[in-house]
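Undergrad: Here's a structure for you.
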Amino acid sequence: MTILIAIQGWKPEPWLERFRRLGTGRTIIDAREPFDPAAIRFAAVWKPQPGLLGRLPNLKGIFNLGAGVDALLADTTLPDRPIFRIVNPDLTKRMTEWVSLQVLYHMRQMPAYLAQQRERLWRPLPQPGAHEVRVGIMGMGVLGRDSAEVLMRLGFQVAGWSRSRQAIPGMDSFAGSDELSAFLARTDILVSLLPLTEDTRGILSRDLLAQLPQNGALGGPFLINAGRGGLQVEADILAALDDGTLLGTSLDVFDPEPLAPTSPLWAHPRVVITPHVSADSTPDGLVAGVLADIAAFEAGKTLPNQIDRNTGY
Ligand code: NDP
Ligand code: OXD
């Protein structure tokens, strides 16, 4: 069976090499070269050229090489075929590393200590323990759950918010728009691991940030977003930082990417910026799993990582 590899925004070569090495018995086609559209049965893609997948008459399934499918679903010509996304411990652990790093960075007052170091200042600051700090995770899916478990192990008071209630022992669970305000009111460090959908676009707004408490153990709230840039309203975040509504933020995702060199976020002393690297998809980590998924799908098995085009994730 022939698999088309269509990747934009990442280097396709290492993916093609890995698919060819591990895809025994498969014909692997590079979408940048001429090919017979009728020969393609599966497509493994990241931000494929809009219109490409709609031109493949015998396509059986689409395998998105990342966890988020917003870019793929933005193609209005996308054919009505099953779409699968990455659910893989390699990607999940990478995200949990990044989220834990950012939570600890703000909670342990690293921006203040780095500023003091530049001034050669030896000045211990009062330090709350993790058990006094309330982390709230928006998006309790594959990534949110793993981060929650690690942060609880570190001692933080963790709550999760999702569309449907997602119970994890030891964690307070909030669900739906009716419970969003209660969730925000108990959150000192807000972590966003939501997908970008019609319902979530622009959710990280001034109105939402204003609901985070000012009287927590850290003296004010922090925002960490690794979901998608379209979730956040950058002007609102900057305003919230400048008027003290927000004490600091870590952002891995932007809309558009890359973040414009002129953005005031770059130079803001209480902003941490990483260039959409919190959980990289890597060929070494993921291709074997994608090939196994394709084989399972061919064998008629139901895969748990199929997305729902109605909800958009
Ligand atoms: P999942 O689909 O497993 O989880 C999504 C979670 O968001 C679910 O808990 C879901 O609720 C919740 N959710 C969706 N819509 C809403 C809504 N309207 N209101 C409340 N909750 C909602 O996704 P993953 O955890 O695997 O990934 C999450 C996102 O992380 C990806 O979509 C992607 O955008 C981003 N990502 C970013 C990366 C990076 O490098 N920066 C890398 C990988 C992913 P419910 O449980 O009820 O379905
Ligand atoms: C993803 C990403 O969705 O890397 O996997 O952003």
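Undergrad: Quick check on packing: order 68-74, 41-47 by the mean number of other C-beta atoms within 10 Å, highest mean leading. Display every interim value, and only then the final one.
TA: On the way: 68-74: 18.6, 41-47: 22.6.
Averaged packing, sorted descending, gives the order 41-47, 68-74.
Undergrad: What nm value, rounded to one decimal, do you get for the distance between Ala260 and Arg186 when each label is placed 7 Å out toward the C-beta?
TA: Modelled inter-label distance: 4.0 nm.
Undergrad: Amide H of Val133 versus every other amide H placed in the peptide plane: which residues, excluding those fewer than 5 positions away on the same chain, fall under 5 Å?
TA: Gln157
Undergrad: Fully extended, how many nm does the chain gain between Arg206 and Asp178 (0.36 nm per residue separation, minus their Cα-Cα distance)?
TA: Values: separation 28, 0.36 × 28 = 10.08 nm, distance 1.83 nm.
Between Arg206 and Asp178, full extension yields 8.3 nm more.
Undergrad: Quick query: amide H of Ile224 versus all other amide H atoms, modeled in the peptide plane; which residues come in under 5 Å with a sequence gap of 5 or more or a different chain?
TA: Result for Ile224 returns Leu190, Val191, Ser192, Ser250.
Undergrad: Continuing with the same structure: So how far, in whole Å, is the C-alpha centre of the range 209-226 from the one of the range 44-62?
TA: Here the answer is 42 Å between Cα centres.
Undergrad: Let me ask something else about it. Is the C-alpha gyration tensor of the range 92-273 telling us rounded, prolate or oblate? Criteria: a/c under 1.5 is rounded; beyond that, a/b larger than b/c is prolate, otherwise oblate.
TA: It is oblate, given that a/c is not under 1.5 and a/b is not larger than b/c.
Undergrad: Using helices alone, what [θ] at 222 nm do you get for the chain, with -39,500 (n - 2.57) per DSSP H run of 4 or more residues, divided over all residues and rounded to the nearest 500?
TA: Numbers: 9 runs with 90 residues, N = 313.
Counting only the DSSP helices, I get -8500 deg cm²/dmol.
Undergrad: Mind ranking Ser164, Ser177 by accessible surface for me, highest first, 1.4 Å probe?
TA: Values: Ser164 65, Ser177 95 Å².
Largest accessible area first, the residues go Ser177, Ser164.
Undergrad: Gap in Å between the Cα centre of the range 113-192 and the Cα centre of the range 261-313?
TA: For the range 261-313 versus the range 113-192, the Cα centre distance is 22 Å.
Undergrad: Extending each Cα 7 Å along its Cβ direction at Asn310 and Thr77, get the distance between those two points in nm, one decimal.
TA: 2.8 nm
Undergrad: Among residues other than Ala39 whose Cβ falls under 15 Å from its Cβ, what is the net charge (Lys/Arg +1, Asp/Glu -1)? Let's see the in-between values first.
TA: Working: positive: Arg26, Arg41, Arg55, Lys60; negative: Asp30, Glu33, Asp36.
Combined, the nearby Lys, Arg, Asp and Glu give +1.
Undergrad: Taking GluC sites (Glu not before Pro) that fall in a DSSP loop and have at most 15 other Cβ atoms within 10 Å as cut points, what is the longest piece of the chain between them?
TA: Values: sites that count: Glu119, Glu198.
Free of exposed loop sites, the longest segment is 1-118.
The values are calculated or read from the model by the stated rules, or taken from the named source; none is laboratory data. Being a predicted model, the structure only gives us computed values, none of them experimental. When we count neighbours, we look across all protein chains shown, and the Cβ atoms used for this are built from the backbone with ideal geometry, even at glycine. Calculation scope for accessible area: heavy atoms of the full protein, side chains included, ligands and nucleic acids excluded. Shrake-Rupley method; radii C 1.70, N 1.55, O 1.52, S 1.80 Å.
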